[in-house]
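Here is the structure we will look at, set down as structure tokens.
Since every read-out is calculated from the coordinates, none of them should be taken as a lab result. Note that the coordinates shown come from a computational prediction; the quantities given were computed from them, not determined experimentally. Quick reminder, even Gly has a Cβ in these numbers, built from the backbone with ideal geometry, and neighbours come from all protein chains shown.
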Amino acid sequence: MSGLFETSPALTGLRHGFFGRAGGASTGVYASNNVSFTTGDDAAIVAANRAGIAATMSYGPADLVILRQTHSADVHVVTGPLAVDSVIEADAMVTDRPGLLLGILTADCTPILFADAQSGVIGATHAGWRGAATGVCEATIAAMVELGARQDHIIAAIGPTISGPNYEVGPQFAADLLALHPSAGKRISVPQGGVEHFDLPGFVADCLTAAGVRTIERVGGCTYGEPTRYFSHRYATHHKINTGRQLAVIGLT
């Protein structure tokens, strides 16, 4: 781990990082490396924070590709930098093109970085509970295979995300989840005297394993449990404050 980001040993040799709150110029509830334009932070500072992350990875600002995430299972194949005014709605992206840095925004949902280094194909996925339940992990892997990756060579690194003990969801959520993905039941627990909790990263790992990924690493801590280290939407909601978003990135050189 550097002072600004965390890395996966399995992805050694690839430029990648799971960034948290540290390293940017934002202040107040957004301190200090907020990368979201939609949370109320100063847009010029957000742009500078994004550029700073790209530079840390040895890329230019225009090489950083960030989608408009919608909690879907949609995957975008990235073939070049996005136009300044381009808006693409999807929750995962894949590429086989060097010189691009794929970036995923999170603040409790699970960021996943993928790579088949032998084939030169990478991916990045935003997995909230709904996206995971409707197949965003499987769709990402399928899109990588379409670009030439081998399913048994793909490595997945799960980054900082909310943990089961801090993710209280209640009975209706559990019912909705099980209606979409019946096998998710093993990741729902009920603490003594409490209501249902959901282990999102455990469920994501289950989806990856079922899709044939053999190497899955967990990187970083619980976003809710470490609010000075990570942005957490749920923590901010519980404390009636705004918050930012952090970035997970991966690129081919």
Rounded to the nearest 20 debye, dipole of segment 1-73 from Cβ charges on Lys, Arg, Asp, Glu: 100
Charge sum, other residues only, whose C-beta stays under 15 Å from VAL29's C-beta, Lys/Arg counted +1 and Asp/Glu -1: +3
Separation of the LYS186 and GLN118 label points, Cα + 7 Å toward Cβ, nm: 2.8
Cα-based shape type of segment 133-212, given that a ≥ b ≥ c are square roots of the gyration tensor eigenvalues and the cut on a/c is 1.5: prolate
Percent breakdown of C-alpha pair distances by 5 Å bin, ordered from the shortest bin, for the chain: 1, 7, 14, 19, 20, 17, 12, 7, 3, 0, 0
Segment 1-133 shape via C-alpha gyration tensor axes, a/c threshold 1.5: rounded
Cysteines having no other Cys beta carbon under 4.7 Å from their own, within the chain: CYS109, CYS222
Of PRO182, PRO111, PRO201, the one that fluctuates the most in a GNM where the chain has Cα springs shorter than 10 Å: PRO182
Cα shape, segment 80-208, gyration tensor, a/c 1.5 rule: prolate
